[in-house]
Amino acid sequence: MSKRRNSGNPLETPRHASSLGRHAGARSRTMSIVILVVAALVIVLGIAMGVNALRARTPSSRTTEPGTAGAPSSSVSAPASKSAVPSTDPGDITMGVNGDENTIVLKGEQYLEAGAHASEPTDGVLNDRIRTSGRVDTSTPGDYTITYSVSDSSGHVAHIDRTVHVVDSMDTQSGGVPVLMYHYVYSASAAPDHLDANYLLDSKLEEQLNYLSTNDFYYPSWQEVAAYVAGTHSLPRHSVVLTFDDGEEGFLHYGVPLLAKYHVPATSFIIASDADAAQKVTANANEFVQFQSHSYDMHRAGGTVGHGGRISAMTHDEIVDDLTKSAQIVGANQAFAYPFGDTTDDAKAAVRDAGFLCAFTTTYGRAKTGDDPMALPRVRISAEESLASFEASVQ
């Protein structure tokens, strides 16, 4: 009977009993391995979480825009705007070089560093934070790169380059440099109620800018203009400088975009006592527009010279104080435009003592070698001027 039960149930045979024991042992060993693996994973995860926590507490040393991975640190992305972030982002830096982005230097003459301009909506003007790198050997013809870098308080970083071409020879500017004097720009669809010779239609301005761009004009910096007037620096033929007085809304709204469209650098002379002067500088920041002083509070009557501007009634120290205050607001003091074009010997001395390289009246003419850099003339561009007349004034 026992044999029949044993043969009828193979699990009860000695061979299968031994096999069952081996399987049980294997299962036990498997469970042990699983437990060890799980424990190891827990340890690894714990270490990883700890490292991440440390990283979260450690400031990042990257110069990329926050929220990006490996993006270029420069906010320069397009000719019209060097910003890589939306204009409403506090990290929106706008940056441009002063003068021509393709600077030309005659072999053996000095390279005159003109710097750059930059601003950011929250921090305002950043000009004093700009760092310059690169070198130019004017004894050796060739192309050199100067890089300007700036960062804002949030850690955003912007860069822009200037290419300096050192040349063996070139056709040089003779007969003086035309420094063009503009005032207001308007559109036919929104013409002001009162128009005079200072109001230029935007379509006419566009014609003029297109002419300059198409004919490859050169746009010297204020450092170059001052050195040209002093007789120590040569400028390429077809050099021209554009200036816009007062910083009025029409120019900012219609003129600035056109300058950017045609890549023509210009200077806007700002009346710094205007309630919105500082806001104008940052809200209208552009690669191709730098802001300079039209005084702080001298653009009003009160004097007895010329058109009656009050500068002639102010003391030397009062003028210096006014100009110092205006330079702090616009962030620059390379060039100055006299309100109403009025000046005196004492005023010229004060402008020089305030650190300006050159200053401009409203007297008609070109800035020539040997002229007084503190009382340079300009070429007025009037509303009714034809394109042919404009071409003649810059040739």
**Fill in**
Counting only residues 5 or more apart in sequence or on a different chain, those whose built amide H sits under 5 Å from that of Arg237 are Asp171, Thr172, Gln173
**Message:** Run through region 349-392 and list the GluC sites (Glu not before Pro) located in a DSSP loop whose Cβ has at most 11 other Cβ atoms within 10 Å.
**Reply:** Glu384
**Request:** Starting from the amide H of Ala116, placed 1.01 Å from N in the peptide plane, find each other amide H under 5 Å away whose residue is 5 or more places distant or on another chain.
**Result:** Asn98
**Request:** Would you mind getting the Kirkwood hydrodynamic radius of region 259-395 from its Cα pairs, rounded to one decimal in Å?
**Result:** 15.8
**Restraint check, Lys107/Lys325; Lys261/Lys368; Lys325/Lys348; Lys348/Lys368; Lys107/Lys261, Cα-Cα greater than 28 Å** = Lys107/Lys325; Lys261/Lys368; Lys107/Lys261
**Rounded to whole Hz, the Karplus (6.51, -1.76, 1.60) HN-Hα couplings of region 219-225, x for glycine and proline** = 10, x, 6, 5, 4, 5, 4
**Asked** In whole angstrom, how far apart do the alpha carbon centroids of region 238-278 and region 184-223 sit?
**Response** 10
**Prompt:** How much length is gained on full extension from Gln110 to Val167, taking 0.36 nm per residue of separation minus their Cα-Cα distance?
**Reply:** 19.3 nm
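Rounded to a whole number, what is D in µm²/s for region 181-333 from Stokes-Einstein with the Kirkwood radius over alpha-carbon pairs (10 °C, 1.306 mPa s)?
Values: Rh = 16.9 Å.
It comes out at roughly 94 µm²/s.
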**Request:** Would you calculate the separation in nanometres between label points at Lys325 and Thr369, each defined as 7 Å from the Cα along the Cα-to-beta-carbon direction?
**Result:** 4.1
**Item:** Projected label distance in nm at Asp317 and Arg300, using a 7 Å step from Cα toward the beta-carbon
**Value:** 2.2
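FYI, it's all coordinate maths here, none of it is from the lab. If you're wondering where the values come from, they're calculated on a predicted model, not measured in any experiment. No Cβ is skipped: glycine too gets one built from the backbone with ideal geometry, and neighbour counts run over all protein chains shown.
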